[in-house]
Amino acid sequence: MSQKAPIFQRIALIGTGLIGSSIARAARAQSAANTIIATARSAATRKRVVELGFADQVVDSNAAAVKDADLVIVCIPVGACGDVAKEIGPHLKPGAIVSDVGSVKGSVLRDMAPHLPKGVHFIPAHPVAGTEYSGPDAGFAELFVDRWCILTPPEKADAAAVQKLTAFWTALGAKVETMTADHHDLVLAITSHLPHLIAYTIVGTADELGQVTRSEVLQFSAGGFRDFTRIAASDPTMWRDVFLANKDAVLEMLGRFNEDVSALTKAIRKGDGDALFEHFTRTRAIRKGIVELGQDSSAPDFGRPHPHLPDSPLPRPYAADNE
Ligand code: NAP
């Protein structure tokens, strides 16, 4: 049997939470890298990474991690990317590819690019895959399978470097798309950031109902509310940074959303059943389109076990639905 050649000799992962640890596990499973170096901010996380054993070496500093690396992927909250770029800049190998996994791309480009030396290829990326869990234990090798990974190379990016990073994500199972950082941020504002904001709001509102939440709302939580609570359990640091970093696009989408809520409010108040029916028919068709595109399962979800959860008895064929 022929052995696949690794795409990169040496990769460095800065940050080994859900995403960083999943990249390490997937890269190892697919032989996409010869050597995987990992580091994390805290000694506790680094110790856990050693115990879990998904990296070949765990080092204490970001500078040590990037030394001689052909690919560096920064897997930390977007608000911290600028400082890390400043720290690693002087230690990068000429010709290395530097990337990230942040959920916002414009701010990452703005904060990281000025600190990276000439001769290093900076290609920001966002794997649109995740769960509501965090930390090195939460990752798994199949996280990116059949999920999109969006690359946002700057205008004059080296085509060969973009191609190599594309090959890496493809080896991890992802489908790769390329777009500008601004376009990414606008698209993700509506498909991911606004839904998270709505989930954080609705779960917070229900919680403020106090008495009801602790009894009936939790006890009878059905599909709608239950799904919101899962999304609203996502990492607070990550999402704080996402809303601060993608402020303009989120505010734009929030404005449109508020207008639509007002229109539905009016239809309910006026008893305009036709308007409600027409709106719900349109949204049902959107759901059908998402299933047809393979972005979700058509199986009815009446509290079915979610395959990506650690204690799920099911395999993980369509695991990830946060990002
Ligand atoms: P995570 O599980 O919470 O892990 C975060 C990692 O970043 C940890 O290793 C943490 O180190 C490190 N870190 C945190 N703050 C830091 C700082 N100020 N400086 C340096 N390192 C720091 O997070 P994640 O879910 O992997 O998310 C990482 C990135 O992926 C974020 O930019 C996020 O936007 C993006 N992303 C997330 C998802 C998702 O669904 N979760 C999906 C797609 C993309 P310690 O453990 O030592 O604190």
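The values are calculated or read from the model by the stated rules, or taken from the named source; none is laboratory data. Nothing here was measured: the structure is a model prediction, and the numbers come from that model. FYI the Cβ positions are ideal-geometry reconstructions off the backbone, even for glycines, and counts take in every protein chain you see. These accessible areas exclude ligands, DNA and RNA; they are computed on the full protein's heavy atoms, side chains included. Shrake-Rupley method; radii C 1.70, N 1.55, O 1.52, S 1.80 Å.
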**Study point:** Filtered chymotrypsin sites (Phe, Trp or Tyr not before Pro), segment 129-225: DSSP coil and at most 10 other beta carbons within 10 Å
**Key:** Phe220
Review point. Where the Cα atoms of segment 1-115 are projected onto their three principal axes, how long is each span, largest first, in whole Å?
Key: 45, 32, 25
Point to revise | Cα coordinate range in the chain, projected on the principal axes (Å, largest first) | key: 66, 43, 41
Exercise for review: Determine the equivalent ellipsoid of segment 214-260 by diagonalising the alpha-carbon gyration tensor, then write out the semi-axes as square roots of 5 times the eigenvalues, largest first, rounded to whole Å.
Suggested key: 27, 16, 7
Review point. Counting Lys +1, Arg +1, Asp -1, Glu -1, what net charge surrounds Asp272 among other residues with beta carbon under 14 Å of its beta carbon?
Key: +1
Study note, to complete from the structure: Between Cys75 and residues 5 or more places away or on another chain, the pairs with built amide H atoms under 5 Å apart involve Ile14, Gly15
Practice item. Let me know the Kirkwood hydrodynamic radius for segment 99-179, please, with Cα pairs as the basis and the value in Å to one decimal. Key: 13.5
Check your understanding: Can you list, bin by bin at 10 Å, the percent of alpha carbon pairs in segment 66-223, starting at 0?
Key -> 10, 33, 31, 14, 8, 3, 0
Review point. In the chain, what percent of the accessible surface is made up of carbon and sulfur (1.4 Å probe, ligands and nucleic acids excluded)?
Key: 57
Revision key, fill the gap. Rounded to the nearest 10, the angle in degrees between the Cα long axis of helix 159-171 and the longest principal axis of the Cα atoms of the chain comes to 60
Revision key, fill the gap. Diffing segment 88-105: the Karplus 3J(HN,Hα) column from phi (6.51, -1.76, 1.60, θ = phi - 60°), in whole Hz with x for Gly and Pro, holds 8, x, x, 9, 6, 6, x, x, 5, 9, 10, 9, 8, 9, x, 7, 10, 10
Exercise for review: Give the residue from Ala206, Ala5, Thr283 lying farthest towards the positive end of the charge dipole for the chain; charges sit on Cβ (+1 for Lys and Arg, -1 for Asp and Glu) and the dipole is referred to the Cα centre.
Suggested key: Ala5
Check your understanding: Roughly how many debye, to the nearest 20, is the charge dipole of segment 184-299 about its Cα centre, given +1 on each Lys and Arg Cβ, -1 on each Asp and Glu Cβ, and no other charges?
Key -> 260
Exercise for review: Considering Cα pairs under 8 angstrom that are at least six residues apart, work out the relative contact order of segment 184-299 and quote it in whole percent.
Suggested key: 28
Practice item. At a Cα cut-off below 21 Å, give the lysines reachable from Lys93, other chains included and same-chain residues fewer than 8 away excluded. Key: Lys67, Lys118, Lys156, Lys164
Check your understanding: Dipole of the chain (Lys/Arg Cβ +1, Asp/Glu Cβ -1, origin at the Cα centre): which of Ala27, Ser103, Gly173 lies farthest to the positive side?
Key -> Ala27
Point to revise | Residue-level accessible surface for Val291, protein heavy atoms, 1.4 Å, Å² | key: 40
Review point. Dipole magnitude of the chain about its Cα centre, charges +1 at Lys/Arg Cβ and -1 at Asp/Glu Cβ only, in debye to the nearest 20?
Key: 520
Revision key, fill the gap. Over the chain, with neighbouring protein chains present, the accessible area per residue in Å² at probe 1.4 Å is 53
Check your understanding: What is the helix-to-structure angle for 18-29, meaning the angle in degrees between its Cα long axis and the longest Cα principal axis of the chain, kept from 0 to 90 and rounded to the nearest 10?
Key -> 50
Review point. Hey, what's the Cα Rg ratio for segment 184-299 versus the globular rule of thumb, 2.2 N^0.38 Å?
Key: 1.20
Practice item. Would you mind checking the tilt of helix 194-208 against the longest principal axis of the Cα atoms of the chain, expressed as 0 to 90 degrees and rounded to 10? Key: 60
